[in-house]
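What follows is a single structure, written as structure tokens, with notes after it.
The values are calculated or read from the model by the stated rules, or taken from the named source; none is laboratory data. Owing to the predicted nature of the structure, the values given are computational and were not obtained by experimental measurement. Neighbour counts run over all protein chains shown; Cβ positions are idealised from the backbone, glycine included.
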Amino acid sequence: MSARSNILGRLRASLADTRPRPDDFDETLVTGPWQYPPQERIKRLRSLMEAVQTELHLVTSESWPAKVEALLEARGLANLLYAPGTDHGRQLAAHWQAGGAKPELLAYDRPVEAWKEDLFWKVEASLTGTVGGIAATGSLVLWPDRHEPRLMSLLPPLHIALLKASEVEDNLYTIMQRQGWSAAMPTNLLLVSGPSKTADIEQVLAYGAHGPKELVVLILEDA
């Protein structure tokens, strides 16, 4: 018998006739102080995010592509990275095609190794979805996958994020419970509370040091 089998055998034997300890976790410890009336969640999230130089706009599920186009044109940006395999990516592409928008749409549809130079140095803005927001901390919850890798929200100087108003929860525990994270925990998850910033050098606050220098959140009111 191998050493590995011996070790595992002893561990299994040690668990014989044992019972799990009862779970006496009191969830009010992590939810009680951070609960808000439904009508206050967006207001609180907006207040906290704007305090760290995040730009937020209330839009509808039909009008947001036009708002994205206006944001890019106002900044004089030439391109936008998007995920063509998502519902919002398809909606964006349809708007671009119908209206003849000027900024170029760049599809994230290939491995990073195939276009690393362009991805790191030529992409000026990106658009991603979110899986929710947290009112208590003023944070977005991003769940990167093969359609929207995490580089989409970490590399471009401008990150535009779509957030459904109906998916803003009071606190982190609530969103974990309602979305069932314990049954299907993501391999990678991002909590974003504002544009990239650091004060490491001479304690002078600088934006964009290790990520987007601008974050714009479009809140879909009728989602």
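A compact table of results
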{"read-out": "Long-range neighbours under 9 Å by Cβ, at least six apart or interchain, first residue modelled with pLDDT under 90 within the stretch 181-203, second of a type in the set (S, T, N, Q) and assigned to a loop (DSSP other than H, G, I, E, B)", "value": "Lys197/Gln53"}
{"read-out": "Options Leu45, Leu72: the member that is of a type in the set (A, V, I, L, M), under 17 Å from the mean Cα position of the chain (by Cα) and modelled with pLDDT of 95 or more", "value": "Leu45"}
{"read-out": "Lone qualifier among Met185, Met152 - being out of contact with any helix residue (DSSP H, G or I) (no Cβ under 7 Å at 6 or more places or on another chain), farther than 18 Å from Ala51 by Cβ and in a helix (DSSP H, G or I)", "value": "Met152"}
{"read-out": "Ala101 being free of Cβ contacts under 8 Å to residues at least 12 places away in the same chain, farther than 30 Å from Trp181 by Cβ and more than 23 Å from the chain's Cα centre (by Cα)", "value": "no"}
{"read-out": "Selected residue [in contact with a strand residue (DSSP E or B) (Cβ under 7 Å, 6 or more places away or on another chain) and either assigned to a helix (DSSP H, G or I) or under 27 Å from Glu214 (Cα atoms) (or both)] from Gly85, Gly9, Gly89", "value": "Gly89"}
{"read-out": "One residue from Leu142, Leu77 being of a type outside the set (Phe, Trp, Tyr) and under 14 Å from the mean Cα position of the chain (by Cα)", "value": "Leu142"}
{"read-out": "Residue among Thr137, Thr130 that alone is touching a residue at least 12 places away in the same chain (Cβ under 8 Å), part of a loop (DSSP other than H, G, I, E, B) and either of a type in the set (A, V, I, L, M) or crowded, with 18+ Cβ neighbours inside 10 Å (or both)", "value": "Thr130"}
{"read-out": "Count of the stretch 43-82 residues which are closer than 17 Å to Ala101 by Cα and either in a strand (DSSP E or B) or not small (Gly, Ala, Ser) (or both)", "value": "15"}
{"read-out": "Top-ranked residue in the stretch 140-150 [being surrounded by fewer than 22 Cβ atoms within 10 Å (Cβ to Cβ) and either of a type in the set (Gly, Ala, Ser) or touching a strand residue (DSSP E or B) at 6+ places or on another chain (Cβ under 9 Å) (or both); ranked as farthest from Phe120 (Cα to Cα)]", "value": "Trp143"}
